[in-house]
Amino acid sequence: MSVTRRSFLKNSTIAGAGLLIADAVGPGLVLADEAEVSIAPYLSGMRMAATAASKYRAYRSKVVGNPDTTMWIQIDLGQATPVDYVLLYPASERMFPGRDQYYAGEGFPLRFKIETAHDPDFSDPGMGSDLTHSDFPDPGDNIMKFTGRGHHARYVRLTVTRLRAVKILPGSGSPDENLDESPDYTLTLARIGVLSDNDDVAVGCPVTADSEHGNPELLKQLTRPPRQDGETIKFDHPNLVTDPSTWTRVHFKAEAPRSGVTLDGGLFQAALQHNAQYLLNSYTTDDLLRQFYERTGKVTGFRPAGSQIFWEEDLAGSNAGRFLMGAGNTVRWLDDAELRKRLNAVVDGIEDCRKMDGYIMAYPEDTIFYSERAAYTRAWLTHGLLEAAYAGNPKALPLLRGYYDWFNEQPFLPEMLRGAIQGGQGMIANTRVALSPVGKPADGQVIQRYYQENAWLDGLAKRDKEQIWQYPYDRPHCYLLTDIEAYLDMYLLTGEKRYFDAASGAWEMYRAHWQQAGGSISIIEFEIDPPDSDYLKQKLGELCGSSFWVFLSQRFQLLDPDNEQYAAEIEKSIYNVGLANQDGGNGFRYHTILEGEKEKSTHENTCCEGQGTRLIGSLPEHIFSLASDGVYLHLYEPSTLKWQQNEHEIALAVRTQFPFDNFVEGTIHAPADVQARIRIRVPSWATSEMGVSVNGKVAASGKPGSYVMLDRKWSEGDKITFTLPAAVRVTKYNGADQVSGKTRYAIEYGPILLAALGEGVVNLALDKGSDPESLGRHLDSIAGASLHYTLRENPARKLMPYFQVGDENFTCYPVISVSA
């Protein structure tokens, strides 16, 4: 999630020096002064798509303090080649790590010339384009095209005589970093292309620079190959659109219940009640609808301040989406009249502001590319209205259908993916609508035509890890999970296996290489997070990333409900991220901090609040799944599921105090005998095979990571009982933040991540002859505090569930050592 606005070139001109345009397709030579020439002839007609991955970072020269410093870079084409045109690709990327700011055109030269030569010393250069007599306008993200006059030459040189000011901060990629307030100057370009008969002959060619100002480490970026799905913003592939008559809709093997689950105490019920409290106390209905009424003119003069500027005004309408996501999910299980009343009032307000053409967003149509409105905000409100509809609001689906009938026909769609900030986030909005009761084929065809990145799909299917952490376009991030959700939705919609292969490959890579102990996702925007780095000193583990992870894993689970790994992922993400980041009814924590102190919670419409409240509101639907022949019990929470089986009503009431006690009892309630298959999960964290009894007799057993199926005729009062074989286990930490000479471990009890209390490096020192894997035998339970332990060798060392940690100092990766 981010705060970003790009610079776009409008009607710029070059004043002072006269430029004569050689022909209609490209600029020529400087012939006279005192003329004003439009920049238009230099426009290639292409705009540069943003990037943030280190593999595709822009070239930046050394920083200087004098704008009139002369510096050059040159390309060796390897042999004499006709140089028709030279393309200068402006940088369009994050300027500063830790700051959410893109600036297209950063460091583009103010005055420069392009020359060609047969020798590297340029003893007899040929002039291509000379722009040294006037300041060249900021190109924004426009790729600029300059004539090479068709000269046959082996070398092409760009000489800069005046630089554009740019502020360089630590970590910006420049070899020189200056914190002074005075301007800094640098030459910054994303790429240089050399066109010969329409081919870019510069790709892969060596680049050199003057020794005083060049940055040797980044020179190769100037002639890097084009990114896999292109360099430009415009993205329109009508050839990828398939005929809906050829689609084969894929149906889930099981369904998540949208109602029929009641919670009977336990952690999930407490979390759901806190969710309702947070939703009702954070904003009023007027607050949630303000931006909609601003668009219609019913509210004027509001002046946002502080966090409102971004989270509410820049992302106008996302607050209503956040509320509807959380409230819509929550009222499906919790009978809260006030929460439902407010949900309906928000939907009524959106309807009141609906335009005749179906437009419903809070921001004006012509501001869709401002900040993250085109993707993030649109998706938020779409999620919210869908959850409101599934909670029973009759207006939400028609509102969405009207809007997407409008959206699917808009002329800006070719720029949605790359021209919008993190445009891929908007895909999930279309695909969720496509799969809803009001979905149309056009909702999916928009994805195929304007969003589908075939090279990325192929790379994900091949398990190429660079596709995740070096995503070639707008920011590698946990938010790419929403793109992957959307592609899995496209598989459900069309049956095309390509989508499934890509989504499953991505799921496996995130799980194996970007997930901390406890389930938090260890990749985030504005940080460079290589595979298995699992940094502890960076703020990783956004709550919203784990929310996306749960909903993506749920899709896979419903496709293959007997595959226990999906339930395992959902379970640990809920306990160790969702519950851990919920601060009672006060708000949600943004990051899942695993060492030091947890963050303070917020209630200001952050992305993690939005997805956090959505996740917590959905908790009951993750306990059970419904199949045509019965049910699955995935999670162990005190709850009751009612469903129809063979035209008979049946209920399964689960009683347990898990995770504080491992005994689970299920009771069948059925007015008549009913044949059904009840599948009980044997978790992958189980320490042994698990037996399941029916009415006091062992009926079946299952190995860890499986489901026990009880296929029988069920009668009123039948009881299912089992004890989960859980124990303390340790997992070695292999991430980047090691302690020299020591070994860190994560400690878990079943699915529950434990935290070791203390400041700095927490060392759990065991007696001689022990080993780290035996830690559980060295822990003593604290009376009256289940899952709280002291270390037998040092009772001052305490461990507790991470989700219960409040203001304590802690680490989830303590050192475990053995005395010599």
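Which of the following residues is at positive phi and not aromatic (Phe, Trp, Tyr): 422, 467, 410, 445?
422
Could you check the stretch 24-99 for strands (runs of 3 or more DSSP E) lying wholly inside it with 1 or more residues that are aromatic (Phe, Trp, Tyr) and either under 21 Å from residue 194 (Cβ atoms) or at pLDDT 95 or above (or both)?
Answer list for the stretch 24-99: 71-89.
Taking the stretch 426-475 on its own, how many of its residues are more than 30 Å from residue 530 (Cβ to Cβ) and basic (Lys, Arg)?
Total satisfying the criteria: 3.
Hey, can you tell me all the residues within the stretch 297-327 that are out of contact with any helix residue (DSSP H, G or I) (no Cβ under 8 Å at 6 or more places or on another chain) and among the β-branched types (Val, Ile, Thr)?
The one that is out of contact with any helix residue (DSSP H, G or I) (no Cβ under 8 Å at 6 or more places or on another chain) and among the β-branched types (Val, Ile, Thr): 309.
Are any residues in the stretch 746-785 in contact with a helix residue (DSSP H, G or I) (Cβ under 6 Å, 6 or more places away or on another chain) and more than 18 Å from residue 517 (Cα to Cα), and if so, which ones?
Of everything in the stretch 746-785, just one residue is in contact with a helix residue (DSSP H, G or I) (Cβ under 6 Å, 6 or more places away or on another chain) and more than 18 Å from residue 517 (Cα to Cα), namely 766.
Among 540, 558, 552, which is the only one that is aliphatic (A, V, I, L, M), more than 22 Å from residue 686 (Cα to Cα), part of a helix (DSSP H, G or I) and under 14 Å from the mean Cα position of the chain (by Cα)?
After ruling out the rest, the residue left standing is 552.
Within the stretch 576-585, track down each residue that is closer than 13 Å to residue 806 by Cα and either open to solvent by 10 Å² or more (accessible area, probe 1.4 Å) or touching a residue at least 40 places away in the same chain (Cβ under 8 Å) (or both).
Result: 579, 580, 582, 583, 584.
Test residue 546 against the stated conditions and say whether it is touching an Asp or Glu at 6+ places or on another chain (Cβ under 7 Å) and assigned to a helix (DSSP H, G or I).
No, not satisfied.
Among the residues of the stretch 301-338, write down those that are within 23 Å of residue 392 (Cβ to Cβ) and in a loop (DSSP other than H, G, I, E, B).
Those that are within 23 Å of residue 392 (Cβ to Cβ) and in a loop (DSSP other than H, G, I, E, B): 317, 331, 332, 333, 334, 335, 336.
Would you please name the residue that is farthest from residue 202 (Cα to Cα), looking only at residues in the stretch 219-272 that are in contact with a strand residue (DSSP E or B) (Cβ under 9 Å, 6 or more places away or on another chain) and aromatic (Phe, Trp, Tyr)?
Only one residue tops the list, namely 268.
Looking at the stretch 123-138, which of the residues that are open to solvent by 20 Å² or more (accessible area, probe 1.4 Å) and in a loop (DSSP other than H, G, I, E, B) is nearest to residue 190 (Cα to Cα)?
The qualifying residue nearest to residue 190 (Cα to Cα) is 138.
Could you tell me whether any residue of the stretch 586-606 is assigned to a helix (DSSP H, G or I) and either more than 22 Å from residue 513 (Cβ to Cβ) or open to solvent by 10 Å² or more (accessible area, probe 1.4 Å) (or both)? So that I can check it myself, show each step before the final result.
Applying the first criterion (assigned to a helix (DSSP H, G or I)) to the stretch 586-606 yields none.
Looking for residues that are assigned to a helix (DSSP H, G or I) and either more than 22 Å from residue 513 (Cβ to Cβ) or open to solvent by 10 Å² or more (accessible area, probe 1.4 Å) (or both), one finds none in the stretch 586-606, hence no.
Just to be sure before I move on: is residue 736 closer than 22 Å to residue 521 by Cα, exposed (fewer than 15 other Cβ atoms within 10 Å of the Cβ), modelled with pLDDT of 95 or more and among the aliphatic types (A, V, I, L, M) in the structure I sent?
yes
Among the listed residues 808, 716, which satisfies the condition of being charged (D, E, K, R), surrounded by 13 or more Cβ atoms within 10 Å (Cβ to Cβ) and farther than 30 Å from residue 669 by Cα?
Residue meeting the stated conditions: 808.
Can you name the residue in the stretch 493-516 that is surrounded by fewer than 23 Cβ atoms within 10 Å (Cβ to Cβ) and aliphatic (A, V, I, L, M) and, of all such residues, is farthest from residue 751 (Cα to Cα)?
Once the filter is applied, the top-ranked residue is 509.
Between residues in the stretch 40-54 that are free of Cβ contacts under 8 Å to residues at least 24 places away in the same chain and residues that are not in a helix (DSSP H, G or I), which pairs lie under 6 Å by C-beta distance while being six or more apart or on different chains?
Matching pairs, first to second residue: 41/21; 41/27.
Out of 336, 352, 348, which single residue is more than 30 Å from residue 257 (Cα to Cα) and open to solvent by 10 Å² or more (accessible area, probe 1.4 Å)? Don't jump to the end; show me each part of the working.
On the way: 336 fails: more than 30 Å from residue 257 (Cα to Cα); 348 fails: more than 30 Å from residue 257 (Cα to Cα).
Just a single option satisfies the conditions, and that option is 352.
Quick check on my filter: what residues within the stretch 217-242 are open to solvent by 60 Å² or more (accessible area, probe 1.4 Å) and touching a Pro at 6+ places or on another chain (Cβ under 9 Å)?
Across the stretch 217-242, the qualifying residues are 217, 220, 228, 234.
So, in the stretch 517-537, of the ones that are at positive phi and open to solvent by less than 10 Å² (accessible area, probe 1.4 Å), which residue ends up farthest from the chain's Cα centre (by Cα)?
Just the residues of the stretch 517-537 that are at positive phi, to begin with: 518-519, 526, 532, 534.
Still in the running and open to solvent by less than 10 Å² (accessible area, probe 1.4 Å): 518-519.
Values: 518: 18, 519: 15 Å.
Checking each candidate, the answer is 518.
Take the stretch 309-339 and flag every residue that is within 20 Å of residue 368 (Cα to Cα) and in contact (Cβ under 8 Å) with a residue 60 or more places away in the chain. It would help to see each step written out before you state the result.
As a first pass, look at the stretch 309-339 and keep what is within 20 Å of residue 368 (Cα to Cα): 309-322.
Matches in the stretch 309-339: 310, 311, 312, 314, 315, 316, 317, 318, 319, 320, 321, 322.
Got a sec? Which of 796, 726, 746, 765 is within 35 Å of the chain's Cα centre (by Cα) and not in a loop (DSSP other than H, G, I, E, B)?
746 is the lone residue from the list that is within 35 Å of the chain's Cα centre (by Cα) and not in a loop (DSSP other than H, G, I, E, B).
Which numbered condition in (1) under 19 Å from residue 278 (Cα atoms); (2) at pLDDT 95 or above is the only one that residue 308 fails?
(2)
Restricting to the stretch 636-676, count the residues that are outside any strand (DSSP E or B) and under 19 Å from residue 786 (Cα atoms).
Summing the residues that are outside any strand (DSSP E or B) and under 19 Å from residue 786 (Cα atoms) in the stretch 636-676 gives 9.
The values are calculated or read from the model by the stated rules, or taken from the named source; none is laboratory data. Remember, it's a predicted structure, so these values are computed and weren't measured experimentally. Backbone-built Cβ (ideal geometry, glycine too); neighbour counts: all protein chains shown. Heads up: the accessible areas ignore ligands, DNA and RNA and are worked out on the full protein's heavy atoms, side chains in. Shrake-Rupley method; radii C 1.70, N 1.55, O 1.52, S 1.80 Å.
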